[in-house]
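Chemist: Got a structure for you, written out below as structure tokens; questions coming shortly.
The values are calculated or read from the model by the stated rules, or taken from the named source; none is laboratory data. Since the model is a prediction, treat every value here as computed from it, not as a measurement. All Cβ positions, glycine included, derive from the backbone under ideal geometry; neighbour counts span all protein chains shown. Heads up: the accessible areas ignore ligands, DNA and RNA and are worked out on the full protein's heavy atoms, side chains in. Shrake-Rupley method; radii C 1.70, N 1.55, O 1.52, S 1.80 Å.
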Amino acid sequence: MAINFVKHNKLYLIFSGIFVLLAAFSLLIFGLKFSIDFTGGSILEIEYQNQRPSNQEIQNKLSDLNLGEITVQPTEEKGVILRMKELSPEVHAQILQRLGEKQELKEIRFEAIGPVVGNEVKEKTKKATIFSIIAILFYITVAFRKVSAGPVKSWQYAIAATIALCHDVFIVIGLFALFGRFYLIEISLPIIVALITVFGYSINDTVVIFDRIRENVFKKNFSFEQAVNESLNQTLFRSINTSLTVEFCLLMIFFFGGETLKYFSLALILGVAFGTYSSIFIAPPILVWWNKRKRS
């Protein structure tokens, strides 16, 4: 049984608009919590042999070391992650000595990065994002150039796909602003890598649907709306099955991949879910809307 996707186009766009507004609201109110990858500083992860002390107890032990603002984040049953300003080797040793006074602890990782390097990383991230979007726009415009003989031009396919992928990434960033406020999750380099990967996944799924639209527009005596609806029905199960396969793998990484990969996989889980949604419910409706506007 064929599903009439096109019939409820306005509803999908309104639904997505609400998500985008909530993401924008989250970013404006809470903002993003950047990790030391971008701000500079030190991150120390330790694991206690027995019981982990309370956050306040850890803060009190380090209060006279002039460490600036210390963020204490418990992990697993006995672990804790400390984020603070850049440390010298001497202060680093002092922290370990003080925290290990009552019971043995194991240092899991220690990373330090200067503010200059952090700013450089931030600039490179912006450039990578902008170049990725420009490259995607150019690629789709060229790859779909033959479809310009139809009712919608190739550059309009490129714009629709780009709006869809920006929608996905923006909502995920909005969610991470929320996570940063309530769960102290920071935007780190692995999360940025995950977001750029979402660009690739979202566009891949959208291009598969667009490619089917390209075939159906010229193959049968369809109106453009009928071609879009037919294409969505033909690719629906392929999109869902592919996404579920990817999501299962990402969930395994989230639960069993350790603390380092946890939020990287979370960003991908959310990005793949929204990428699948936008490929079906955002990009094709934009094309239909564009075609109707042209006719009117």
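Chemist: Within straight cross-link reach of Lys122, meaning Cα distance under 17 Å, which aspartates and glutamates are found once same-chain residues fewer than 8 apart are removed?
Modeler: Within the straight-line cut-off, Lys122 pairs with Asp37, Glu186.
Chemist: I need to check one value: relative contact order of the stretch 119-258, counting alpha carbon pairs closer than 8 Å and at least 6 residues apart, in percent.
Modeler: After rounding, I find 19 percent.
Chemist: Which of Lys33/Lys127; Lys33/Lys124; Lys126/Lys262; Lys124/Lys153; Lys61/Lys106 have a Cα-Cα distance over 26 Å?
Modeler: Pairs exceeding 26 Å: Lys124/Lys153.
Chemist: List the trypsin sites (Lys or Arg not before Pro) within the stretch 80-187 that fall in a DSSP loop (any state other than H, G, I, E or B) and whose Cβ has at most 13 other Cβ atoms within 10 Å.
Modeler: Lys102
Chemist: Name the residues whose placed amide hydrogens come within less than 5 Å of the amide hydrogen of Thr75, ignoring near sequence neighbours (fewer than 5 apart) on the same chain.
Modeler: Excluding prolines and chain starts, which carry no amide H, the hits are Val80, Ile81.
Chemist: Of the GluC sites (Glu not before Pro) in the stretch 184-230, which ones lie in a loop per DSSP and count no more than 13 other C-beta atoms within 10 Å?
Modeler: When the GluC sites (Glu not before Pro) of the stretch 184-230 are filtered for loop state and at most 13 Cβ neighbours within 10 Å, nothing remains.
Chemist: Same structure again: If you take every DSSP beta bridge whose two residues both sit in the chain, what share of them, in percent to the nearest 5, is antiparallel?
Modeler: Percentage antiparallel, nearest 5: 95.
Chemist: Then there's this: Starting from 0 in steps of 5 Å, tell me what percent of the Cα-Cα pairs of the stretch 1-159 lands in each bin.
Modeler: Over the stretch 1-159, the share of Cα pairs per 5 Å bin runs 2, 7, 11, 11, 11, 11, 9, 8, 7, 7, 6, 5, 3, 2, 0, 0 percent.
Chemist: Do the sum for the chain: with -39,500 (n - 2.57) for every DSSP H run of n ≥ 4, divided by all residues, what is the mean residue ellipticity at 222 nm, to the nearest 500 deg cm²/dmol?
Modeler: Here the helix-only value at 222 nm equals -24000 deg cm²/dmol.
Chemist: Could you work out the equivalent-ellipsoid semi-axes for the stretch 161-227, taking the square root of 5 times each eigenvalue of the Cα gyration tensor, largest first, in whole Å?
Modeler: Whole-Å semi-axes of the equivalent ellipsoid: 36, 12, 6.
Chemist: Hey, another quick one. Taking each full run of DSSP H in the chain as one helix, which ones are at least 15 Å long along their axis (Cα atoms) and have mean Kyte-Doolittle hydropathy of at least 1.6?
Modeler: 9-30
Chemist: Between the alpha-carbon centers of the stretch 75-119 and the stretch 252-296, tell me the distance in whole angstrom.
Modeler: The distance from the Cα centre of the stretch 75-119 to that of the stretch 252-296 comes to 36 Å.
Chemist: Quick one: what do you get for the stretch 128-183 if you divide its Cα Rg by 2.2 N^0.38 Å?
Modeler: 1.50
Chemist: What number comes out for accessible area per residue over the stretch 56-188 if the probe is 1.4 Å? Units Å², please.
Modeler: Per-residue value: 55 Å².
Chemist: In the chain, carbon and sulfur make up what percent of the accessible area (probe 1.4 Å)?
Modeler: Here it works out to 63 percent.
Chemist: Using a 1.4 angstrom probe, figure out how much accessible area the stretch 224-270 has per residue, in square angstrom, rounded to the nearest whole.
Modeler: On a per-residue basis, 51 Å².
Chemist: Still on this structure, please answer the following. So for the chain, taking the charge dipole from beta-carbon charges (+1 Lys/Arg, -1 Asp/Glu), which of Ile58, Phe218, Leu82 sits furthest toward the positive end?
Modeler: Towards the positive end, the residue furthest out is Phe218.
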